[in-house]
Amino acid sequence: MMRALYSGVAGLKTHQTRMDVIGNNIANVNTTAYKSQSMTFGDLMYQTTQSASGANPTTGVGGVNARQIGLGSKTGAIKTAITTQGASQTTNDPFDLMITGDAFFVVSNGNDNFFTRDGSFYVDGVGNLCMTSNGYNVMGWQVDPADPSTIKQDTVSALRVMTEENLTYPSEATTMSRITGIIDAKDTNVNSSEGKIINLEFFDEKGYKYTAKLSIHAKTPGSGDKGEFTVQLDDVLDSEGKSILFSTTVDANGQTTTSAIAGVKAQLNGQDVGAVVDLMYDPGTGTFDYVGADNTSAINLTFEGLPSMRTISIDFSATSNLNNNGSSTTTAVRGDIDGLGAGRRVGEMSGITIQKDGMIYATYDNGQSRLLGQIAVATFANASGLAKEGDNLYSSTMNSGEFDGIGTDITTGGGYMNTGVLEMSNVDLSAEFTEMITTQRGFQANSRIITVSDTLLEELTNLKR
């Protein structure tokens, strides 16, 4: 009789534990990246009143099975649906990340590494990428010092994405440029004394912007039909439109005098301002032939007395001498055909983007971008073996497999990161409520074991009356 009582008690405790698991799931139905748990039952233990016996070949008596009386139930296992993906929740916050796949973010409290699917991050006061809930640092790989355009996959470290160095992008002097378009021999500008004006904008080492005033002329009247032109440098202006080569003064009588500034000079292929450099095209096809000298496609703009300026190579090979209804379309473009040598001003950070592979880039208002680091992820042979630590964190155990301290690129396993979204809880309320009903009925049935057993004991005690 006492065994039934204890079986009922064991059953009540086990169903109570199951209700605790269900309650925790429902409480976390809106917890970011929460993984639901489920509980299985196991029978507790058995009292053997008679052991099993085998058949007797001599007497022909058959064997007898063991007689065992169970003592209730116990918690068999509490499993976590850790590999079941939760739905996505759009936040439009660029620092909110969702992992698609089985990987985990690696975060650290400064001493130990933990793992999480909660990608709600922000940048703290010193520029570290951190979890919004507890401030733990997001871990990843740093830029390779030998090649800032690549990542060095080494032991993970805290990702500091906003440092004094990263807030600006340095200026660079222009060293390459191209002239493109059509020179039409019938263009009245080309045949005028002023010529076809081309403005070449460029930067010095400090990031200040200047404009070189170039002009294209027919070499002699009518020579444009033969593909013979000249190009000359007329002036160089600063960002306010003032010449840096000439100064203008007005005397008391209102007479204007323009004179070269001493010690400052700009030259086109060694020719001073106003001097001409030949620009030739094939007279039959109109294709580019040379500029300056035979077999050369570019001329150099050089400076003296201006230490922040660099020599600029000006390539004319993309121009042609064709009919364009009397209109020339030549323009100047900074940089070579790949955009190299274009120069730039100092850039201020305008944003941070995180790509699907976890690469973090800063963008700047001068059109440049810089690689800041990469978010590393961890994968485990048995992710369900991770231990819950609260705060949406997990830690590795002997059964999950160890973290090697380096991690992996999320795209290696076919996963990726989405920005502006978070992973929601994978709790299924309909399933939880169903489990709640069966748990309630199980609890009620076990309570009846106790009440009925108590009634039997009462009948037993009443025999003495």
Sequence order, region 55-66: Karplus ³J(HN,Hα) from phi using 6.51 cos²θ - 1.76 cosθ + 1.60, θ = phi - 60°, Hz rounded, Gly and Pro as x, gives 5, 9, x, 6, 8, x, 7, x, x, 10, 6, 5
The summed charge of the ILE99 Cβ neighbourhood (under 15 Å; Lys/Arg +1, Asp/Glu -1) stands at -3
For region 60-145 (alpha-carbon point model, no solvent) the Debye-based log₁₀ I(q)/I(0) at q = 0.18, 0.21, 0.25, 0.26 Å⁻¹ works out to -0.94, -1.13, -1.33, -1.37
Quick calc, THR329 & LYS209: beta-carbon distance into FRET formula, R0 22 Å, rounding 0.05, result 0.40
Per the helix-only model, the chain has a calculated mean residue ellipticity at 222 nm (DSSP H runs of ≥4, -39500 (n - 2.57) each, divided over all residues, rounded to the nearest 500) of -4500 deg cm²/dmol
Taking only the alpha-carbon atoms of the chain, the convex hull volume per residue, in cubic angstrom, is 308 Å³
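Under 8 Å for C-alpha pairs, at least 6 residues apart: give me the relative contact order for region 310-447, rounded to a whole percent.
15 percent
List the trypsin sites (Lys or Arg not before Pro) within region 188-277 that fall in a DSSP loop (any state other than H, G, I, E or B) and whose Cβ has at most 15 other Cβ atoms within 10 Å. Walk me through the numbers before you get to the answer.
Values: sites: LYS196, LYS206, LYS209, LYS213, LYS219, LYS226, LYS242, LYS265; in loops: LYS206, LYS219, LYS242.
Answer in residue order: LYS206, LYS242.
Give me the percent relative contact order of region 176-334, please, defined on Cα pairs under 8 angstrom at least 6 residues apart.
On the way: 387 pairs, mean separation 53.1, N = 159.
Result for region 176-334 is 33 percent.
So for GLU165, GLU389, fewest C-beta neighbours within 10 Å to most, what's the order?
On the way: GLU165 10, GLU389 13.
So the ranking, lowest neighbour count to highest, is GLU165, GLU389.
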Pseudo-spin-label distance PHE41 to LEU456, built 7 Å along Cα→Cβ, given in nm, is 1.8 nm
Partner aspartates and glutamates whose C-alpha sits under 15 Å from that of LYS213, ignoring same-chain residues fewer than 8 away, are GLU194, GLU201, ASP234, ASP235, ASP238, GLU240, ASP272
If one compares the long axis through the Cα atoms of helix 429-462 with the longest principal axis of the Cα atoms of the chain, the angle in degrees, nearest 10, works out at 20 degrees
Too long for a 18 Å Cα-Cα cut-off, among LYS356/LYS388; LYS186/LYS219; LYS35/LYS356; LYS13/LYS74, are LYS356/LYS388; LYS35/LYS356
Cα extents of region 176-334 per principal axis, largest first, Å, are 53, 39, 24
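Read the figures in this text as sums done on the coordinates, not as results from a lab. Note that the structure is predicted; figures quoted are calculated from it, not measured. Neighbour counts run over all protein chains shown; Cβ positions are idealised from the backbone, glycine included.
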